Amino acid sequence: METQRVTKTRTPGRARRFRVSVMWKALRRRIIEAATRDKIDKSHSHRMQLNHTRNAKCEFARLCDLYGTDKGELEREGQPYASQAHSYNDLYTLLFRQKREAISLVVECGLGSNNPKVPFNMGVNGKPGASLRVWRDYFPRARIVGVDIDPGILFSEERIDTYQCDQTSAASISDFAEKAGIGPRSVDIIVDDGFHKFEAGRSFFEGMIDYLADDGVYIVEDIQQPDRVRYQRHFAALGEQYVFTLADLHRPGCKLGDNSVAIIWRNL
Ligand SMILES: C[S@@+](CC[C@H](N)C(=O)[O-])C[C@H]1O[C@@H](n2cnc3c(N)ncnc32)[C@H](O)[C@@H]1O
């Protein structure tokens, strides 16, 4: 009895506060998810549910493992990033597997900086350029252009060239596009995997949309929970100019978190 009492009185208050704070954060995240889910459900007239099993031979995920991007993975072991990868490989396979030979130009914002001082970096073990190499191998005829705010990670190699650009600046976007020689309506796929906040996403979209080919696809990765409704409302306000789809990718053992992607194309 004595021992029990001693143990109880010695339970550190800090540990208890920590446990309560972890539980509170988890609860808060669930409430936010449920609330935004509810708003999204109300604001979209249609939902599409695709059920599938994991493809252990997914070529896109194999390339992600090979180069070290978190867009997908087959093997958790040996990855340079701390958390479980997104499962965007499943979506991209669905969207692009039959266009692999036809895609000629891909632009991605966000090379994957390994500088911990840069926002949305991939950690010190990150592999800058990993996703550009995935696109290059997946689309054997395509030129891949990458942009990033971090000038320390720019590089060029076979069919890949990269430029510095701050996606929150219209001038910086048009400057890189000119340097890269990107013509109007010429890009097949534009991917925003840079600064994952709505304002930055809108800025890059506005700066890049004139470069998207008529049958091109514009993708915004990692749509965070509070931004979901903002994106949805933004594109709803643009009327029938664009087709806007928000894809939620669910995978076992992971909360939805930032495993959501916006897919946009011109409504011609
Ligand atoms: C999540 S990482 C990109 C990961 C990479 N696409 C991959 O799949 O391996 C996000 C990148 O956005 C870049 N970034 C952050 N703010 C930016 C901005 N304002 N303009 C352009 N890039 C930015 C960071 O330097 C970082 O490299």
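Observations
- Global geometry of the stretch 20-157, whether rounded, prolate or oblate, following the gyration tensor of its Cα atoms and the 1.5 cut on a/c: oblate
- Listed peptides 201-213, 234-246, 14-26 by packing density, highest first (mean Cβ within 10 Å): 201-213, 234-246, 14-26
- Segment ALA34-GLN224, extension gain: residue separation times 0.36 nm, minus the distance between their alpha carbons: 67.1 nm
- Length-normalised contact order for the stretch 110-251 - Cα pairs under 8 Å, 6+ apart - percent: 17
- Among VAL118, VAL107, VAL220: highest mean-square fluctuation, GNM of the chain, C-alpha pairs under 10 Å: VAL118
- Distance between the stretch 120-144 and the stretch 190-268 - C-alpha centres, whole angstrom: 20
- Restricting the chymotrypsin sites (Phe, Trp or Tyr not before Pro) of the stretch 66-106 to loop positions (DSSP other than H, G, I, E, B) with no more than 15 neighbouring Cβ atoms within 10 Å leaves nothing.
- Per residue convex hull volume, Cα atoms of the stretch 126-175, in Å³: 84
- Distance-filtered residues of the stretch 86-114 - backbone nitrogen under 20 Å, label point 7 angstrom along HIS250 Cα→Cβ: 86-92, 94
- Whether the chain is rounded, prolate or oblate, judged on the alpha carbon gyration tensor where a/c under 1.5 counts as rounded: prolate
- Using a Gaussian network model of the chain in which every pair of alpha carbons under 10 angstrom is joined by a spring, one finds that among ALA85, ALA34, ALA200 the greatest mean-square fluctuation is at ALA34.
- Simple rule: put +1 on each Lys or Arg Cβ and -1 on each Asp or Glu Cβ in the stretch 52-266, find the dipole, and look at ASN55, VAL107, PRO128; the Cα lying farthest toward the positive end is ASN55.
- Computed [θ] at 222 nm, helices only, for the chain once each DSSP H run of length n ≥ 4 contributes -39500 (n - 2.57): -12000 deg cm²/dmol
- Given +1 at the Cβ of Lys and Arg, -1 at the Cβ of Asp and Glu and no other charges, the dipole of the chain around its Cα centre is 1840 debye to the nearest 20.
- Tensor-based shape of the stretch 171-250 (alpha-carbon gyration tensor, a/c under 1.5 rounded, otherwise prolate or oblate): prolate
- Reach of LYS25 by Cα under 19 Å, taken over aspartates and glutamates that are not fewer than 8 positions away in the same chain: GLU33, ASP227, ASP258
- The chain - percent relative contact order, Cα under 8 Å, separation 6 or more: 14
- In plain terms, the chain from GLU75 to PHE155 could stretch by 26.1 nm, reckoned as 0.36 nm per residue minus the Cα-Cα distance.
- Nonlocal amide H pairs with HIS44, under 5 Å, H built at 1.01 Å: none
- Note on ASP214 and ARG233: their simple-model spin labels are 3.5 nm apart, each label 7 Å out from Cα toward Cβ.
Coordinate-derived values only; no laboratory data. Please read all numbers here as calculations on a predicted model, not as lab measurements. Please note: Cβ atoms are built from the backbone with ideal geometry, for glycine as well, and neighbour counts cover all protein chains shown.
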